[in-house]
Structure formats: structure tokens, C-alpha cells
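The values are calculated or read from the model by the stated rules, or taken from the named source; none is laboratory data. In this text the structure is predicted, and so the values were computed from the model without any measurement. Don't worry about glycine lacking a Cβ; one is built from the backbone with ideal geometry, like all the others, and counts go over all protein chains shown.
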Amino acid sequence: MRSIGLDFDNTLVDYTNVFRAEAAAYGLETSDLDKTQIRDRLRARGPSGEIEWQKVQARVYGPGLANAPMMEGSAEFLRRCAEDRVLLSVVSHKGRFAAQDPGGTDLREAARAWLRRRCPEIPPERVFFEDERAAKLRRIGALGLTHFIDDLPEVLGDPDFPQEVARLWLMTESGQTRPAGLLAAGPWPVLARSLFGG
């Protein structure tokens, strides 16, 4: 039986509009900006801009997460997994608290609440958040997964990534460097076809 692991941030969750909404509070015109552009424009303001960027992130990954939709195509992928009785897990490198969040939002609990609401196909007991990438890679290996999907090529290309797990790269931008050894790379529909055909 296939057992597929999924990253969380920017793999299942689309933060684009949440970042834009939160950054607008700091005087940016954000209608056509992506996360990296927002970060760079805030940081260009100097030390205060770096703090503003950290505050934006704290809001996005905490209270703002409730307003974030699923990545396009991911809901259909999860439904197909459920139809084929694929065991799903989430394994994410995510800290528990953000330094610039005065409310002290538990980012992991916010993510779990989002998953319960949006992704009923993923069993709550199969959701794992790790403090660092090395722990994430160890967890991927320990779960006995057959496949893992991530938006970060540096994770999939890490020398310590478990070699027995097939790697699929969710590509969210064109022109990215593709690591060697991938089973597939592309948006969610491409990954679905590589696993299920059709």
C-alpha cells in the first residue's frame, strides 16, 4: 500500500493572499507581490523593516492561517488518495511560536486546526511538526513512507533524505533548479498523474 507524506507550508497551504493582506498593514502596495518580494521590500527599510517582516510572518502563520486556502489542485489530490486508500501523513519543519507574535499563538496548533477543517483525509495522529530539518528527514524515514511531496528542492535534495522514499517536487515557480533523483516535478495535477495516471 502506498503511504504518502506531505509537507505543510506552501505545499498544502497557499499563503499568497494572506501575506499580501498582512503586509498591506505596513504600507505596502501588495496586489502583485509574492512572499519573497514582500520580504525584500520590508527588509529594505532597514532594521525596523526586518522586525515588520517577522511580524507579518507571525500573523500569517498564526491567526492569518485560518484565511489561507489550499494550494490549487491539492484538494483533488487528497480526494484521489482517499479513493485509492493511500495512507497520508504530514511532516513539516515548523516551530511552535513566532518571536514577533505578542499573542503567543501556537503555530502548530493553528496548523492542526487548519488541517482538521480543510483536509479530513489526513488522520490527526499522522501529523508531525519538527523543530529542524534533520528531525523532519528522520521522521520521513521512520514513518515507512513510499513517497514524499515538498515544495522545497533543498529538502528533497538533502543528502540525508531517506533514499528508499520516492521524492516528488511541488513546483510553484518556473525556472527553478530541479534536483536529481525525483520521481516527478510540477504542480499538483502533474504529481497526481505521475502517481495515479489519467
Any hit, region 98-112, residues being surrounded by fewer than 19 Cβ atoms within 10 Å (Cβ to Cβ), out of contact with any strand residue (DSSP E or B) (no Cβ under 9 Å at 6 or more places or on another chain), charged (D, E, K, R) and assigned to a loop (DSSP other than H, G, I, E, B): yes
Given (1) in contact with a Leu (Cβ under 9 Å, 6 or more places away or on another chain); (2) farther than 20 Å from ASP106 by Cα; (3) in contact (Cβ under 8 Å) with a residue 24 or more places away in the chain; (4) not in a loop (DSSP other than H, G, I, E, B), number of the condition TYR26 does not satisfy: (4)
Counted residues, region 81-97 - those being farther than 13 Å from PHE8 by Cα and assigned to a loop (DSSP other than H, G, I, E, B): 5
Residues satisfying the stated conditions in region 177-190, i.e. of a type in the set (A, V, I, L, M, F, W, C) and in contact with a helix residue (DSSP H, G or I) (Cβ under 7 Å, 6 or more places away or on another chain): LEU182, LEU183, ALA184, TRP188
Output for region 1-32, where each listed residue is within 24 Å of SER74 (Cα to Cα), of a type in the set (A, V, I, L, M) and modelled with pLDDT of 90 or more: ILE4, LEU6, LEU12, VAL13, VAL18, ALA21
From the options LEU78, LEU33, residue that is of a type in the set (A, V, I, L, M, F, W, C), on the phi < 0 side of the Ramachandran plot and assigned to a loop (DSSP other than H, G, I, E, B): LEU33
Region 165-176: number of residues that are at pLDDT 95 or above and out of contact with any helix residue (DSSP H, G or I) (no Cβ under 8 Å at 6 or more places or on another chain): 1
Enumeration of residues in region 132-163 that are part of a loop (DSSP other than H, G, I, E, B), more than 16 Å from GLY181 (Cβ to Cβ) and more than 18 Å from the chain's Cα centre (by Cα): LEU143, GLY144
Residues located in region 152-164, provided they are at pLDDT 95 or above and either in contact with a strand residue (DSSP E or B) (Cβ under 7 Å, 6 or more places away or on another chain) or within 21 Å of LEU87 (Cβ to Cβ) (or both): VAL155, LEU156, PHE161, PRO162, GLN163, GLU164
Hey, GLU76 surrounded by fewer than 18 Cβ atoms within 10 Å (Cβ to Cβ), in the same structural domain as PHE8 (by TED's automatic domain parsing) and free of Cβ contacts under 8 Å to residues at least 60 places away in the same chain or not: no
Extreme residue, farthest from the chain's Cα centre (by Cα), among residues of region 1-23 that are surrounded by 15 or more Cβ atoms within 10 Å (Cβ to Cβ) and assigned to a loop (DSSP other than H, G, I, E, B): ARG2
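Filter region 29-40 down to residues that are touching a residue at least 12 places away in the same chain (Cβ under 8 Å) and either polar (S, T, N, Q) or surrounded by fewer than 22 Cβ atoms within 10 Å (Cβ to Cβ) (or both), then give me how many there are.
Here the count works out to 4.
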Residue list for region 137-151, restricted to those being crowded, with 19+ Cβ neighbours inside 10 Å and out of contact with any Ser or Thr (no Cβ under 7 Å at 6 or more places or on another chain): LEU137, ARG139, ILE140, HIS147, PHE148
